[in-house]
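The block underneath contains the structure these notes are about, expressed in structure tokens.
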Amino acid sequence: MLTRRRDKNHDLEHWTIRFGDIDVGHISLRAGVPRAAPQWGWACGFYPGTEPGQHRYGAAATFDDARAAFAQAWQRLAATRTEADYRAWRDSRDRTAWKYRMHDLHLPLPTQRPDGVARCFCGEVITSATMDNHVLGAHRGDVRWRSRP
Ligand SMILES: [Zn+2]
């Protein structure tokens, strides 16, 4: 099931669309278009998990039209997705959120240390070889994900 959430980080009205916990696209007012042109735009797709060439975009006169077009595009895309595609997106989300958290706490990653050994914010000692398993195991989904400008 798709849900949508208003994202206040945009000047114009912007809705993030989710399938479960996956960000699968958005519907938003288009910036700088002539008054006679469709005012709403939508984009459907997620990465990783789908290739950029599989993403779909469109414009619509009203929010409801954009929502309907998005729903159709999503149905077609979702029919070709597997659980592995969604996992790829979640893994990427969790790795990125974890790296930002480490960065915010001024903690070095193993790759940034001459000996290749570092400490996670949870206290665990990690190396380049163990980092991925640690992040996706110990911190699966627990670091609040936020998009960055
Ligand atoms: Zn940790």
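Points worth noting:
- Cβ crowding within 10 Å averaged over residues, with 40-50, 62-72 ranked highest first: 40-50, 62-72
- Under a model in which nothing but the beta-carbon of Lys, Arg (+1) and Asp, Glu (-1) is charged, the chain shows a dipole of about 280 debye around its Cα centre.
- Distance between the modelled labels on R119 and H106, one decimal in nanometres: 1.5 nm (7 Å Cα→Cβ projection).
- Region 1-100 - percent relative contact order, Cα under 8 Å, separation 6 or more: 19 percent
- Build a GNM of the chain with springs between Cα atoms under 10 Å apart, and of D91, D23, D11 the one that fluctuates most is D11.
- Length-normalised contact order for region 83-141 - Cα pairs under 8 Å, 6+ apart - percent: 31 percent
- Cβ-Cβ distance of R4 and R140, R₀ of 25 Å, FRET efficiency by 1/(1 + (r/R0)^6): the value works out to about 0.50.
- Selection from P110, T62, C120 lying farthest towards where the dipole of the chain points positive, charges on Cβ: T62
- Spin-label model, A68/R18: points 7 Å from Cα along the beta carbon direction are separated by 2.7 nm.
- Intensity falloff of the chain expressed as log10 I(q)/I(0), Debye formula with alpha-carbon point scatterers, at q = 0.12, 0.15, 0.18, 0.21 Å⁻¹: -0.62, -0.84, -1.03, -1.23
- Convex hull projection area averaged over all views, region 2-78, Cα basis, nm²: 5.2 nm²
- Taking S28, S128, S92 in turn, the Gaussian network model of the chain (Cα-Cα springs below 10 Å) assigns the largest fluctuation to S128.
- Once the chain from T82 to Q54 is taken as fully extended at 0.36 nm per residue, the excess over their C-alpha distance is 8.6 nm.
Bear in mind these aren't lab numbers, they're just calculated from the coordinates by the rules spelled out. Quick caveat: nothing in here was measured; it's all calculated off a predicted structure. Note that each Cβ is placed from the backbone with ideal geometry, even for glycine, and that neighbours are counted across all protein chains shown.
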